[in-house]
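Contents: one structure, followed by commentary.
The values are calculated or read from the model by the stated rules, or taken from the named source; none is laboratory data. Note that the structure is predicted; figures quoted are calculated from it, not measured. Neighbour counts are summed over all protein chains in view; Cβ atoms, including those assigned to glycine, are modelled from backbone coordinates with ideal geometry. Side chains included, ligands, DNA and RNA excluded: accessible areas come from the protein's heavy atoms. Shrake-Rupley method; radii C 1.70, N 1.55, O 1.52, S 1.80 Å.
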Amino acid sequence: ATGYSEVDTRQRQDATFALGGLPGILPPPIGPLPPGISYFDLALDFTKITQELRLSSTGEGGFQWQLGAFYTEEDAHNSQLISLKAVDGTPIPILDPVAELTLPTDYTEQALFANANYEFTDRFELGAGVRYASNDQDFWQIVTAGILIPIGTTTGKSDEDVFTWMIAPKWRL
């Protein structure tokens with residue numbers, strides 16, 4: 001099974017209630033100024049590809065098995081802009097933009113798995129399975145302008161290796 005998805009979203013939210021009064025607290029010689037208008041723009045560009053391969057027994061007989069592999073790769077780019085302008089739409093010095101940043105991330109995961117089931121009698125069977133998965137993620141917060149968050153780049157990384165197993169007895173009354 002192969003899957004591919006691509007998401008591109010853009011949205012604007014009115015932030016005037018929360019931030020419109022900030023021009024009134026500006027110190028001289030710039031302020032205080034009359035209240036302004038504010039908005040929060042959010043954009044997300046995301047792509048994901050997933051691949052899963054399975055090899056299974058025929059489904060006949062008392063012993064059933066399945067082997068498989070899984071892979072996914074995700075790339076996301078989130079950008080955010082909080083703007084504060086005068087009522088006529090002109091930028092307010094020092095306060096516009098309040099924040100401008102991007103949040104890119106890269107994620108990959110790989111896994112191998114195996115499952116088996118044996119029917120000992122028509123009333124009792126036993127299933128078992130194992131899965132090994134590994135994932136890696138790199139992410140950044142890149143602040144390019146504004147007064148809300150310090151300008152600069154913050155990086156992060158995570159990775160994890162997980163081994164899981166199961167045993168599933170089944171008894172029919």
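Observations
- DSSP beta bridges in the chain [antiparallel fraction, %, rounded to 5]: 100 percent
- Hits among lysines - C-alpha to C-alpha of residue 157 under 21 Å, sequence gap 8 or more where chains match: 48
- Each principal axis of the Cα cloud of the range 45-173 was taken in turn, and the coordinate range along them, longest first, works out to 80, 27, 21 Å.
- Per residue, the average separation of C-alpha pairs within less than 8 Å and at least 6 apart gives the range 1-86 a relative contact order of 34 percent.
- Over the range 45-173, Cα pairs under 8 Å with separation of 6+ residues give a relative contact order of 22 percent.
- Scaled radius of gyration (Cα, divided by 2.2 N^0.38 Å) that the range 1-116 gives: 1.90
- Compactness ratio for the range 106-147: Cα radius of gyration over 2.2 N^0.38 Å (N = residue count) comes to 2.43.
- In the distance distribution for the range 70-110, Cα-Cα pairs more than 17 Å apart total 53 percent.
- Neighbour-limited loop hits for GluC sites (Glu not before Pro), the range 1-64 (at most 10 other Cβ within 10 Å; DSSP other than H, G, I, E, B): 60
- The mean accessible area for residues of the range 70-173, using a 1.4 Å probe and ignoring ligands and nucleic acids, is 61 Å² per residue.
- Modelled label positions at residue 53 and residue 108, each set 7 Å beyond Cα in the direction of Cβ, lie 1.6 nm from each other.
- Contour minus Cα-Cα distance for residue 67 and residue 142 (0.36 nm per residue): 22.8 nm
- Listed residues 148, 26 arranged by accessible area, highest first, probe 1.4 Å: 148, 26
- Residues 46, 163, sorted by accessible area with the largest first, give 163, 46 [1.4 Å probe; ligands and nucleic acids excluded].
- Over the residues of the chain, the helix contribution to mean residue ellipticity at 222 nm works out to -500 deg cm²/dmol, using -39500 (n - 2.57) for each DSSP H run of at least 4.
- Accessible area (Å², 1.4 Å probe, nearest 10) - residue 54: 150 Å²
- Taking all protein chains together, 139, 120, 113 sort by accessible area into 120, 139, 113, largest first [probe 1.4 Å].
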